[in-house]
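Every number in this text was worked out from the coordinates using simple rules, so none of it is lab data. Keep in mind it's a predicted model, so treat the numbers as computed, not measured. In this analysis, Cβ positions are derived from the backbone assuming ideal geometry, glycine residues included, and neighbour counts consider all displayed protein chains.
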Amino acid sequence: MSELAAYLQLGFHHITDLRGADHILFLLALAAIYRFRDWRECLWVATAFTVGHSFTLALAVTNVLTISPPLVEFLIPITIVATGIENLLVRDNVKPFATRRYRPVLAGAFGLVHGAGFANYLRSLFVDRIALPLFGFNVGIELGQICVLVLTFTAFILVDRMIALVQPVRLRAVTPVRTRAIAVSSMVLVVAARWAVERAPW
C-alpha cells in the first residue's frame, strides 16, 4: 500500500470509527436540519468543516500552533452543543440564505477546533514529509464524512416517513423534517453536553 493510500485510509477510519463518535455526532448535528433535496447545501457545510480542520491540522502538526489537548477535548463537544442549540433556535435553517451564508462559516470555525483534535492524534505519526500525509489524511476524512452523511440521510428519509405516519393531526403544522430536526438536535445536545462536563479541564 502506498503512503498516500495509507494516510487516506487512516483519515477515513478516523471519521467512521465509532470510537471517534464526537466527529460523527458533529456531522449528525450539522445534517439534522436538512432534507434529502438539500444534500448539496449539507455537503458544502461539511466541506467547510474539512477546510477549517485542515488549516488547524497543518499548523498543529508542524508545531506552529500548540493547543492544550485537554482544552481541545473540552471544546469539541462545545462545538456540538452550539450546533444543536443553533438547530433548535433557527427555524428557517433550510433556506438558502441561512445555509449559504453563515452555516459554512460556522462549520469552518468549528473545524478549526476539531483540527486540533486530529493533530494530537497525528503528530506522533509524522516523521519527515508532512504534505503528502496531510493531503491523504484530509481526503480520507472528507470521504469518510460523505459516507457518514449518505447513511445519515438514508436514516432521515425513513424517520421522516415514520413521523409523517404517526404524527397527530393537530401537530401537522410542524413538518416531519422539523420534528426530526428537533429530536435529533436535542439528543445530540444532551450527549455532547455530558461529554463537555466530563472533559472540563478545571
For the pair Cys147 and Ala200, the simple spin-label estimate (label points 7 Å beyond Cα toward Cβ) gives in nm 3.7
Expected max-MSF residue from Arg178, Arg103, Arg161 in the GNM of the chain (alpha carbon, under 10 Å) is Arg161
Compute the long axis of helix 131-166 from its Cα atoms, compare it with the longest principal axis of the Cα atoms of the chain, and write down the angle in degrees, 0 to 90, nearest 10. 10
Would you work out which of Leu151, His114, Pro77 lies farthest towards the positive end of the dipole of region 3-199? Charges go on Cβ: Lys and Arg +1, Asp and Glu -1. Leu151
With θ taken as phi - 60° and the coefficients 6.51, -1.76 and 1.60, list the Karplus ³J(HN,Hα) couplings across region 44-55 in order, rounded to whole Hz; mark glycine and proline as x. 4, 5, 5, 5, 4, 4, 4, 4, x, 6, 5, 5
From phi via Karplus (6.51, -1.76, 1.60), per-residue ³J(HN,Hα) for region 64-69 in Hz, x at Gly/Pro: 6, 10, 10, 10, 4, x
Show the residues, 5+ positions off or on another chain, whose built amide H is closer than 5 Å to the amide H of Leu65. Ala60
Work out how far the C-alpha atoms of the chain reach from end to end along every principal axis, then list the three figures in whole Å, largest first. 63, 41, 30
Relative packing of 181-192, 28-39, which averages over residues the other C-beta atoms within 10 Å, highest first: 28-39, 181-192
